[in-house]
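Written out below as structure tokens is the structure these notes cover.
The values are calculated or read from the model by the stated rules, or taken from the named source; none is laboratory data. Since the structure is predicted, the reported quantities are computational estimates derived from the model, not experimental observations. Ligands, DNA and RNA are excluded from the accessible area calculation, which covers all protein heavy atoms including side chains. Shrake-Rupley method; radii C 1.70, N 1.55, O 1.52, S 1.80 Å.
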Amino acid sequence: GKPTRVHHVGKVTDYVEGTSISILAIDGQTYTFLLTVDTKMIPSDRIDSLAIGSLVTIISPRDVTGQPLTAAGVVIHPPQTDGE
């Protein structure tokens, strides 16, 4: 069957457009994902706001091979207004 997708929610700690994105996830771990031409940025009207400190959800196929993680999708959350 298809590989299971994994979701990681966290704040962006490093972002290189079209190359990679790193987040500090809510589980306290830092994850880095490769970005490809197939990576979907959702919603597209928030792409310009994607930066260090942005809250995102990364969707990626579960990888059990130890290869670098690749983001299938990046959900860019609206800017937080609660002081964070």
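The residues of the chain present an accessible area of 65 Å² per residue when probed at 1.4 Å with all protein chains retained. Within the chain, the proportion of Cα pairs with more than 16 Å between them is 49 percent. Probe radius 1.4 Å, ligands and nucleic acids ignored: give me the carbon and sulfur share of the accessible area of the chain as a rounded percent. After summing per-atom areas, the C and S share lands at 54 percent.
Amide H to amide H, with H built 1.01 Å from N, Ala72 comes under 5 Å of Ile59, Ser60, counting only residues 5 or more places away or on other chains.
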